[in-house]
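The values are calculated or read from the model by the stated rules, or taken from the named source; none is laboratory data. The model shown is predicted, which means the values in this text are computed figures rather than measured ones. Here Cβ is always computed from backbone atoms with ideal geometry, including for glycine, and neighbour counts include all displayed protein chains. Side chains included, ligands, DNA and RNA excluded: accessible areas come from the protein's heavy atoms. Shrake-Rupley method; radii C 1.70, N 1.55, O 1.52, S 1.80 Å.
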Amino acid sequence: MKRITLTAIGLALVCASQAHAAGYQLNEYSVTGLGRSFAGAGVMGDDYSALAYNPAGMTLMKRSGFQGGLTMAEMKSDVKGKGTFEGKSTDMHYGVPLPSGFAHWNVNDKLFLGAGIYAPYGLSTKHDKEGFVAGEARKSELEVIDSSVAAAYKFTDKLSLGATLSLRYIHGHMTGDVYAVEGNPATKIGEGNYDLDGWTGTGIIGAMYEFTPDTRVGISYKFRSIQKVKGDFTYESVLPADISPIPTTVDPNGLASPDLPAGVLLSAYHKASDKIGLSTSVRWTEWNKSFNQFTMTSGFAAGNKTQPYEWRNTWTVAAGVDYYHNDNWTFRFGTAYDQSPAKSQFNRSNRIPDTNRIWLSAGLSYEADNWQIDAGYAHLFMQKGDVAMPGNAYAEYTSSANMYGLNFMYKF
């Protein structure tokens, strides 16, 4: 059998996560953070998720404990054809659960240890099999799961440093039609299916400075990760057996070198009064070194595709408010602007039809004795965006998303 090779950014493409952070990046490992659009991520000190954002913020938790959360992400996209596809329409709807879990141990008043399992990248898209974009992108799935350990040390009353080490598992599954003439659905000759997975290591380093007990700022750096993954490519012809060039082929030697981007997160928190806490975050993601183009090649020439992206680096800005109603109840509100790395319709695809989005969110916590329950909700307003396709054809996406989260925490 012939060898399958995925080059350039490879498997990272197989997810289209338009519903969350721009590109295919996720932030949904903190339900408390969801309620304020993740403003102040890593330096809030109100749950055990800091190791996934800024591990230095672990020193804010004065009691050991654990937590488990689940965020449900739902996205809806109406897709209309333009140009040569004028008058055609389809849709893209899905719902995906995002679980996370963290544990935290205070060794003493200086050293803090933690562990966590969460998804920093991922989600999926699925187009109707008979839709006009099915040939380019029928189904795309990406699961990236970090199993992490972390340590933080409080060097002075004001300065804390921390580091997170992660064992990263990545799995991707991508399907699409294969055409004899690229971009011409009338020349469909088969269906292709990539299924790949692999492991790598990565990490985060962070620092936090507390000007006063009520005012602090933190900065963290998330390392770029590159890993080798292996799997299968399956091609199945839809032509009659007597004219099919390859009836059915399964190649177990698929390879890829996915590249997931580096990023910097700057967060701050200020407790303005006994009742009000203010938070903000600015995140920069270095997409331009991770997402220039995507190339798929196989032993079957008609299945080979190259998609240019040339994504730009992006900024995300978030602001949040916490209202401390009493010792039991806290209410949260937040908003964020999330910039898309896609500069135009030529930097998008039907697998990743990414656009700018604005977040509006709300949440609450109830705490009693050693228990805490958190709930959060966010709605994402997404800018319309076109995807350029072969033959003067375009697909226009009108999208929105909702996220619902619930978290349970226990402190020893």
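Per residue, the accessible area of the range 57-119 comes to 47 Å² when a 1.4 Å probe rolls over the protein heavy atoms. For the range 321-412, with all protein chains in place and a probe radius of 1.4 Å, 60% of the accessible heavy-atom surface sits on carbon or sulfur. Of the trypsin sites (Lys or Arg not before Pro) in the range 30-72, the ones in a loop by DSSP (not H, G, I, E or B) with at most 13 other beta carbons within 10 Å are LYS62, ARG63. With a simple spin-label model that places each label point 7 Å from the Cα along the Cα-to-Cβ direction, the separation between ASN356 and ALA388 comes to 2.0 nm.
When Rg and the Kirkwood Rh are both derived from Cα coordinates, the Rg/Rh ratio for the range 146-232 amounts to 1.33. Here r is the Cβ-Cβ distance between PHE223 and VAL181 and R0 is 56 Å; the resulting FRET efficiency, rounded to 0.05, is 0.85.
Relative to the compact-globule estimate of 2.2 N^0.38 Å, the Cα radius of gyration of the range 68-108 comes out at 2.26. Taking 7 Å steps out from each Cα toward its Cβ at THR84 and VAL317 produces label points 4.2 nm apart. Measuring nothing but protein heavy atoms, the accessible surface of the range 86-236 at 1.4 Å probe radius is 60 percent carbon and sulfur. If R0 is taken as 45 Å, the Cβ-Cβ distance between TYR404 and THR212 corresponds to a FRET efficiency of 0.80. For trypsin sites (Lys or Arg not before Pro), the sites in the range 92-151 that DSSP calls loop and that have at most 13 other Cβ atoms within 10 Å are LYS110, LYS129. For ILE205 and TRP284, a Förster radius of 22 Å and the Cβ-Cβ distance give a FRET efficiency of 0.90, rounded to the nearest 0.05. Stokes-Einstein diffusion for the range 78-153 at 25 °C, viscosity 0.890 mPa s, with a Kirkwood radius from C-alpha pairs, works out to 153 µm²/s.
Between ALA368 and LEU111, the contour length at 0.36 nm per residue exceeds the alpha carbon distance by 89.9 nm. Give, as ranges by residue number, the residues of the range 198-224 whose backbone N falls under 17 Å from the point 7 Å along Cα→Cβ of LYS62. So the set is 210-216.
In straight-distance terms, cross-link reach from LYS289 covers every one of the lysines whose alpha-carbon lies under 28 Å from its own, apart from those fewer than eight places away in the same chain; here that gives LYS126, LYS139, LYS222, LYS228, LYS230, LYS305, LYS343, LYS384. Annotation for LYS230 and ASN326: the two label points, set 7 Å from Cα along the Cα-Cβ direction, are 6.1 nm apart.
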